[in-house]
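The values are calculated or read from the model by the stated rules, or taken from the named source; none is laboratory data. Nothing here was measured: the structure is a model prediction, and the numbers come from that model. Side chains included, ligands, DNA and RNA excluded: accessible areas come from the protein's heavy atoms. Shrake-Rupley method; radii C 1.70, N 1.55, O 1.52, S 1.80 Å.
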Amino acid sequence: QVQLAESGGGLVQAGGSLRLACVASGTIFRRNQMGWYRQAPGKQREWVADITTGGSTSYADSVKGRFTISRDNARNTVYLQMNSLKPEDTAVYFCQMRGGPLTYWGQGTQVTVSS
């Protein structure tokens, strides 16, 4: 059974940093593309960043230059380093794994940025 567990969320002041982590279990992690999404109150879930099995990355325009996605296949973990945080980054952040036709989600971790 595939499970994704996010951690690292919290309350931070604008301009601060947080690093989210998502640990995967129940699958061969290195064979899966990983991504981060977020959902703010009253809004639809939106894509934040992706990293392929080969380590290529892509970012939403709203976070480009501030967020960095990375993966450690030895630890079955994907990270999201978030710098220069803004109040509009406040959301629940979700980890996503895509392997073939299947998609898995974590339970989410809350990030709150105060002004």
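The Rg/Rh ratio for the chain, using Cα coordinates for both the radius of gyration and the Kirkwood hydrodynamic radius, is 0.95. For Phe67, the residues 5 or more places off, or on other chains, whose built amide H falls under 5 Å of its own are Asn83. In this structure the amide hydrogen of Asn32, modeled in the peptide plane, comes within under 5 Å of no amide hydrogen from residues 5 or more places off or on another chain. Annotation: extensible slack from Gln110 through Ala5 equals 36.5 nm (criterion: 0.36 nm per residue apart, minus Cα-Cα distance).
Rolling a 1.4 angstrom probe over region 16-115 with all protein chains present gives an accessible area of which 47% lies on carbon and sulfur atoms. The residues of region 1-108 have, on average, 52 Å² of accessible surface per residue, using a 1.4 Å probe with all protein chains present.
Taking the square roots of 5 times each eigenvalue of the Cα gyration tensor of region 1-63, largest first, gives ellipsoid semi-axes of 23, 15, 13 Å. Each residue of region 16-24 is assigned a 3J(HN,Hα), and the resulting list reads x, 9, 9, 10, 8, 10, 9, 9, 9 Hz, derived from the Karplus form 6.51 cos²θ - 1.76 cosθ + 1.60 (θ = phi - 60°), x at Gly and Pro. Between the amide H of Thr90 and those of Val113, distances stay under 5 Å, these residues lying 5 or more places away or on another chain, with hydrogens modeled in the peptide plane. The alpha-carbon positions of region 67-111 define a convex hull whose volume is 92 Å³ per residue.
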